[in-house]
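Comments concern the structure below.
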């Protein structure tokens, strides 16, 4: 099979001894590229194309496209006098195009190299890979939501503002907080918004110069310290204890007039509900500081407890986790922040208000008597995600959301109880919330690491759990099944993990250290990628030149 | 409940295996007084049909761009997106996958990110691009922080024709981080004297082209002056299609290019989600924010892709990270790259010409309307019109007549005394009939 550059896509097949000889680096590289599929029993039946039935190889766009090919039809405009002020582009852009059928095939083939929730169990702890209902996709594409401009007159987008207002009402009700800033674009952006509100509140009290310390437990997501540092706070860690909880006396020891806030994840990243949260909140407030809660794990307690009752001042909600807007291979997310009465006046613009039966949008700081700290983003935030999240909430209802939290916690504990005899639990045998944390103590002397174990799970058809996080546990394996899994699915997953565990303990190292064997790629060399970064495709050197 | 597979029998068996009587025993760490006994006071579950009814009712209260003559821009643009794009981004394996932390089973995402980075680098004329940011405005904030890291200075100079929301985002971030920001006054004509602001204390100059008033700006002199003083030029765009026809920011000397990619592949979505494009000179790679996808090989020597240079990022570096960013704009970025692949250079330049031609036609028509005057000499697909009446009022009256005419400058800059200015955008979606409708309605109102 030749690609458009006239180079063989699979020169290694059919016993050709060294088909790339004399063809230059690029050809040699492509020889490697082509052999995408794993070895194993199929390895002894090479194919001419390098494809293996449904497992198709797909070259880069730049290796199959041409700059004079397009998949979009437009007529050239009639003669007109350009008004570009002499700044017309003179160089080639160098962007290849594909016709529509070619583009379709290119991306479908790429998609087939991906694992998604719809493919199988995706127990990535703290990331909450639950079912993405397609109703929500359909709703987000209604023209009144997807085909409206953020700056068209507010009289023409009353329904869109109503939706934002309704989403806000749901979030505030579920959390028992005072208000919500909808606009943050993702969880980390929500953290930034919440911490900015805290900073603004501290400055409003005239303590901006003195209160500059933020307490962050060692088990926190990396975004927490990164966010605090970004806006000039000094991060002080709260040390980890061997029971997985943050202790109020440890917090108290660090409190003083210099402390602005604590950033506490609850339920925490060890999969535990912080059982001293009320005492911690009280100590924080008594010291004149604020309680920021990382709401990444809110999905465990929706309908079971309200963060506002726990003393939280600000909490972001990852709509893509708790309310199942799709993760989409890494985004887009959405991170609305609910705020307590103490922080509500500082919420950033814009926000929606209802006045005389009409929704209005406050877009400028001086349009309100409150004290907004500024603006997080252009326009009004992630509308497309708001629609999906509200569709989720309406579908589940108050009863369904509570049931979802309970099922998520039940599923995690079922896995925990079913693996407790083989795997090691760093904080003892006690109930967890929506995710169960194991460490790698049980793998000691097997020669198998957490990473190896994860890669062997890939061969069994599972996406691995979160590995090596939280950092407070050695070789962490954080498993979050979510409420979307049936008992049968969990039973097979548990049986698989037990089989793998016993194989590791029996010394069947090869099953792990060489894994994955059956994925579209074998283990990838990340060190090489970082040492000499290749971040874009560059045209190959002409063959004749390269061969000299 | 259609989304929850467990039956009550399942639940009972599972509780027994766990060794507890009721699910509430699993919630025992929640303080007793705070554990809710009853469902929260919100409506009960609903079937698909009912949810669809509720949301459709809200949707129908809005006037969608496709249903009227539509000329609204100012940072988000109505373009035609091929049907293929929306089909492909809804493929399960794209839609329901996560950040490619397990690259062996995420090559689909990683390969398109690598292709996306290559496309963005080519489009902007830069060495490298990242795997996308949340949007153009937050990307601009990140670009300023990056410039501070590179130059070890902490003062940004913002052009007076940078989109006002972008200005606000940068100012908010800078004030919070105790960095300096100098903002030039509103610059309707694109003739501000930004050069005089550049000295050895400046970390970066942020200039948008085409700018928020539609002017096409030559960046070369600014780049030269910035370079002379060790400052960086951050070039911003909000209309990615313009790069099909205009000189790239890279060719004019930009050090960092950041822009809004919504125009390619993405719907208006009332402001989000969008996709931020972010590119830079290669010497600054290690100071870049956001995810980067790189090429490598697997254990069999086959080409593959991974997320790389993650030692910059928060999950490794924590409070020393280059940014707190932990995501990109995955699906929007995919939509961008698919649409760009369908266009190719040939399609993109033609699309850009159609946009420009439509805008030129409209500008000529509006210039002939008494009480309206186009202010721009050079523009791409958007320009500023000076009206004889306050633009907000005119836009409202035209909306009543079923024409969405543009963005009043006062919506973005209420205190600037520019109340009679209207930003008007025209893309490939506008027909001769649309233009005639706008002109006719405007004649009635002015």
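Scanning the stretch B:402-425 for residues that are within 12 Å of another protein chain (Cβ to nearest Cβ) and assigned to a loop (DSSP other than H, G, I, E, B) yields B:402, B:403, B:405, B:406, B:413, B:414, B:415, B:416.
Would a scan of the stretch A:291-301 turn up a residue that is more than 26 Å from the chain's Cα centre (by Cα) and more than 15 Å from residue A:191 (Cβ to Cβ)? Checking the stretch A:291-301: not a single residue is more than 26 Å from the chain's Cα centre (by Cα) and more than 15 Å from residue A:191 (Cβ to Cβ). Within the stretch A:132-147, the set of residues being free of Cβ contacts under 8 Å to residues at least 24 places away in the same chain and either in the same structural domain as residue A:334 (by TED's automatic domain parsing) or crowded, with 20+ Cβ neighbours inside 10 Å (or both) comprises A:144, A:147.
Criterion first (crowded, with 19+ Cβ neighbours inside 10 Å and either at pLDDT 95 or above or within 26 Å of residue A:164 (Cα to Cα) (or both)) does residue B:75 satisfy it?
Numbers: crowded, with 19+ Cβ neighbours inside 10 Å: yes; either at pLDDT 95 or above or within 26 Å of residue A:164 (Cα to Cα) (or both): yes.
In short, yes.
Is it the case that some residue within the stretch B:328-345 is at pLDDT below 95, in a loop (DSSP other than H, G, I, E, B), crowded, with 22+ Cβ neighbours inside 10 Å and facing chain A (nearest Cβ under 7 Å)? For the stretch B:328-345, residues at pLDDT below 95, in a loop (DSSP other than H, G, I, E, B), crowded, with 22+ Cβ neighbours inside 10 Å and facing chain A (nearest Cβ under 7 Å): present.
For the stretch B:282-299, the criterion of being within 27 Å of residue A:520 (Cα to Cα), out of contact with any helix residue (DSSP H, G or I) (no Cβ under 8 Å at 6 or more places or on another chain), facing chain A (nearest Cβ under 7 Å) and without any contact (Cβ under 8 Å) to a residue 12 or more places away in the chain is met by at least one residue. Residues in the stretch B:218-239 that are under 22 Å from residue B:385 (Cα atoms) and in contact with a strand residue (DSSP E or B) (Cβ under 6 Å, 6 or more places away or on another chain): B:237, B:238.
Inspection of the stretch A:466-481 finds no residue satisfying the criterion of being part of a helix (DSSP H, G or I), touching a helix residue (DSSP H, G or I) at 6+ places or on another chain (Cβ under 8 Å) and outside the structural domain of residue A:245 (by TED's automatic domain parsing). Would the stretch B:370-385 turn up any residue that is more than 10 Å from chain A (Cβ to nearest Cβ), crowded, with 20+ Cβ neighbours inside 10 Å and under 19 Å from the mean Cα position of the chain (by Cα)? Among the residues of the stretch B:370-385, at least one is more than 10 Å from chain A (Cβ to nearest Cβ), crowded, with 20+ Cβ neighbours inside 10 Å and under 19 Å from the mean Cα position of the chain (by Cα), which makes the answer yes. Mind checking whether some residue in the stretch A:268-290 is assigned to a strand (DSSP E or B), touching a helix residue (DSSP H, G or I) at 6+ places or on another chain (Cβ under 9 Å) and closer than 20 Å to residue A:337 by Cα? Yes, some residue in the stretch A:268-290 is assigned to a strand (DSSP E or B), touching a helix residue (DSSP H, G or I) at 6+ places or on another chain (Cβ under 9 Å) and closer than 20 Å to residue A:337 by Cα. Taking the conditions (1) at pLDDT 95 or above; (2) surrounded by fewer than 23 Cβ atoms within 10 Å (Cβ to Cβ); (3) within 7 Å of another protein chain (Cβ to nearest Cβ); (4) part of a loop (DSSP other than H, G, I, E, B) in turn, residue A:62 satisfies each one other than (4).
Here's a check for you: in the stretch B:114-125, which residue that is farther than 23 Å from residue B:76 by Cα and in contact (Cβ under 8 Å) with a residue 12 or more places away in the chain is farthest from the other protein chains (Cβ to nearest Cβ)?
Of all residues in the stretch B:114-125, those farther than 23 Å from residue B:76 by Cα come to B:114-115, B:118.
With the extra rule that they be in contact (Cβ under 8 Å) with a residue 12 or more places away in the chain, the set shrinks to B:114-115.
Working: B:114: 7, B:115: 5 Å.
The selected residue is B:114.
Restricting attention to the stretch A:377-414, the residues being more than 7 Å from chain B (Cβ to nearest Cβ) and assigned to a loop (DSSP other than H, G, I, E, B) number 0. For the stretch B:46-67, filtered to residues that are surrounded by fewer than 20 Cβ atoms within 10 Å (Cβ to Cβ) and within 24 Å of residue A:358 (Cβ to Cβ), the residue that is nearest to the other protein chains (Cβ to nearest Cβ) is B:61. Tallying residues that are outside any loop (DSSP other than H, G, I, E, B) and under 16 Å from residue A:462 (Cβ atoms) within the stretch A:509-526 yields 2.
Of A:448, A:534, all but one fail to be part of a loop (DSSP other than H, G, I, E, B), modelled with pLDDT of 95 or more and in the same structural domain as residue A:59 (by TED's automatic domain parsing); the exception is A:534.
From B:82, B:31, which residue is closer than 30 Å to residue A:431 by Cβ and out of contact with any strand residue (DSSP E or B) (no Cβ under 9 Å at 6 or more places or on another chain)? Step through it out loud before you land on a result.
Details: B:82 fails: closer than 30 Å to residue A:431 by Cβ.
Going through B:82, B:31 in turn, the sole match is B:31.
Filtering B:109, B:124, B:99 for residues that are within 22 Å of the chain's Cα centre (by Cα), surrounded by fewer than 24 Cβ atoms within 10 Å (Cβ to Cβ) and over 26 Å from residue A:201 (Cβ atoms) leaves a single hit, B:99. The condition of being within 21 Å of the chain's Cα centre (by Cα), without any contact (Cβ under 8 Å) to a residue 12 or more places away in the chain and either more than 7 Å from chain B (Cβ to nearest Cβ) or within 29 Å of residue A:60 (Cα to Cα) (or both) holds for only one of A:120, A:86, A:116, that being A:116. Do you know which of the residues in the stretch B:164-216 that are assigned to a loop (DSSP other than H, G, I, E, B), within 30 Å of residue A:202 (Cβ to Cβ) and touching a helix residue (DSSP H, G or I) at 6+ places or on another chain (Cβ under 8 Å) is farthest from the other protein chains (Cβ to nearest Cβ)? Filtering first and then ranking leaves B:202.
What's the total number of residues in the stretch A:156-188 that are free of Cβ contacts under 8 Å to residues at least 60 places away in the same chain and farther than 21 Å from residue A:305 by Cα? Lay out the reasoning, then the answer.
Within the stretch A:156-188, the first condition is being free of Cβ contacts under 8 Å to residues at least 60 places away in the same chain, and the residues that meet it are A:156-157, A:159, A:169, A:173.
Remaining after also requiring farther than 21 Å from residue A:305 by Cα: A:156-157, A:159.
Here the count works out to 3.
Determine whether residue A:68 is more than 7 Å from chain B (Cβ to nearest Cβ), without any contact (Cβ under 8 Å) to a residue 40 or more places away in the chain and assigned to a loop (DSSP other than H, G, I, E, B). Please lay out each step first, then the result.
Numbers: more than 7 Å from chain B (Cβ to nearest Cβ): no; without any contact (Cβ under 8 Å) to a residue 40 or more places away in the chain: yes; assigned to a loop (DSSP other than H, G, I, E, B): yes.
Spelling it out, it is not the case that residue A:68 is more than 7 Å from chain B (Cβ to nearest Cβ), without any contact (Cβ under 8 Å) to a residue 40 or more places away in the chain and assigned to a loop (DSSP other than H, G, I, E, B).
Going through the stretch B:79-94 one residue at a time, which ones are assigned to a helix (DSSP H, G or I) and touching a helix residue (DSSP H, G or I) at 6+ places or on another chain (Cβ under 7 Å)? Steps first, please.
Here is the first cut: in the stretch B:79-94, the residues assigned to a helix (DSSP H, G or I) are B:83-89, B:92-94.
Passing the criteria: B:84, B:85, B:88, B:89, B:93, B:94.
Quick check on residue A:525: is it facing another protein chain (nearest Cβ under 10 Å), under 20 Å from residue B:298 (Cα atoms) and touching a residue at least 12 places away in the same chain (Cβ under 8 Å)?
On the way: facing another protein chain (nearest Cβ under 10 Å): yes; under 20 Å from residue B:298 (Cα atoms): yes; touching a residue at least 12 places away in the same chain (Cβ under 8 Å): no.
Criteria not met by residue A:525.
Name the one entry in B:241, B:306 that is over 13 Å from residue B:129 (Cα atoms), touching a helix residue (DSSP H, G or I) at 6+ places or on another chain (Cβ under 8 Å), modelled with pLDDT of 95 or more and not in a strand (DSSP E or B). Being over 13 Å from residue B:129 (Cα atoms), touching a helix residue (DSSP H, G or I) at 6+ places or on another chain (Cβ under 8 Å), modelled with pLDDT of 95 or more and not in a strand (DSSP E or B) holds for just one of B:241, B:306, which is B:241. The residues of the stretch A:295-345 include none that are in a loop (DSSP other than H, G, I, E, B), on the phi < 0 side of the Ramachandran plot, surrounded by fewer than 24 Cβ atoms within 10 Å (Cβ to Cβ) and touching a strand residue (DSSP E or B) at 6+ places or on another chain (Cβ under 6 Å).
The values are calculated or read from the model by the stated rules, or taken from the named source; none is laboratory data. Because the structure is a prediction, the values reported are computed rather than measured. Here Cβ is always computed from backbone atoms with ideal geometry, including for glycine, and neighbour counts include all displayed protein chains.
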